[in-house]
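Some notes on the structure that comes next.
No lab work stands behind these numbers, since they all come straight from the coordinates. What you see is a predicted model, and the numbers here were worked out from it, not measured in a lab. Cβ coordinates were reconstructed from backbone atoms using ideal geometry, including for glycine residues, and neighbour counts include every protein chain displayed.
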Amino acid sequence: MKACTKCGIQKPLTEFYKLLRNADGYMYKCKECHRLDSSQHYEANKALYSAYYKQQRQCPEHRAKQARHNEIYRNRYPLKYKAKNAVSNAVAAGKLKSLPCLHCGALKTEAHHPDYSKPLDVLWLCRPCHVKEHLKQRKKTE
């Protein structure tokens, strides 16, 4: 057990990120407080982060690395890649329209392919629900 210096609550060590340079090997604030601080810092400095990432994307080394990553992904998952592009093109052409999340009703959604061989047969899910859906599928195959 350890007390978070930010919220003051006693929590188990699993609720703290590891930080080897500290004497006890754990961060001084809990994961929850750290996440809150990080998101507040990001919101306060959004323009700075945006400018940094924009500059990063212009860097030739970064572009080459991203191109290599895309090539590996395209070769490893050709069916998935084609399905993703088909949906993207259909949305851009107005043939397919993004709908609210099937599970929770959130408006910002992603296309989920139950079967990649049917590229335009998609379920619209928000990011958290999409991740949960893939976790469910992964557990079924294990």
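Identify which of the listed values of semi-axes √(5λ) of the Cα gyration tensor in Å was calculated from the structure shown: [x] 37, 22, 18; [y] 25, 17, 13; [z] 43, 16, 12.
Checked against the structure: label [x].
Taking the dipole about the Cα centre of segment 29-69, with the C-beta of Lys and Arg at +1 and of Asp and Glu at -1, give me whichever of Cys30, Gln58, His69 is farthest to the positive side.
Of the listed residues, the answer is His69.
Packing-wise, with mean Cβ within 10 Å as the measure, how do 51-63, 93-105 rank, highest first?
In descending order of packing, they fall as 93-105, 51-63.
Please compute the alpha carbon radius of gyration of segment 2-44, then divide it by the globular-protein estimate 2.2 N^0.38 Å. Two decimals is fine.
1.16
What is the helix-to-structure angle for 127-141, meaning the angle in degrees between its Cα long axis and the longest Cα principal axis of the chain, kept from 0 to 90 and rounded to the nearest 10?
For helix 127-141, the angle is close to 80 degrees.
Amide H neighbours of Lys11 under 5 Å, counting only residues 5+ apart in sequence or on other chains, H built in-plane at 1.01 Å?
Under 5 Å from the amide H of Lys11: Lys2, Ala3, Cys4.
Name the residues whose placed amide hydrogens come within less than 5 Å of the amide hydrogen of Leu96, ignoring near sequence neighbours (fewer than 5 apart) on the same chain.
Val91
For Cys30, which sequence-distant residues (separation of 5 or more, or a different chain) have an amide H within less than 5 Å of its own amide H, given hydrogens modelled in the peptide plane?
It is Thr5, Lys6, Cys7, by chain and number.
Net charge within 15 Å of Thr109 by Cβ-Cβ distance, Lys/Arg positive one each and Asp/Glu negative one each, not counting Thr109 itself?
Around Thr109, the surrounding residues sum to +3.
What is the distance in Å between the Cα centroid of segment 88-125 and that of segment 1-66?
Here the answer is 32 Å between Cα centres.
I need the phi-derived Karplus couplings for segment 98-110: 6.51 cos²θ - 1.76 cosθ + 1.60, θ = phi - 60°, integer Hz, Gly and Pro marked x.
Whole-Hz 3J(HN,Hα) from phi for segment 98-110: 5, 10, x, 4, 5, 8, 10, x, 4, 7, 7, 10, 10.
Do you know the relative contact order of the chain, to the nearest whole percent, from alpha carbon pairs under 8 angstrom that are 6+ apart?
12 percent.
So what's the angle, to the nearest 10 degrees on a 0 to 90 scale, between helix 60-76 and the longest Cα principal axis of the chain?
Tilt of helix 60-76: around 60 degrees.
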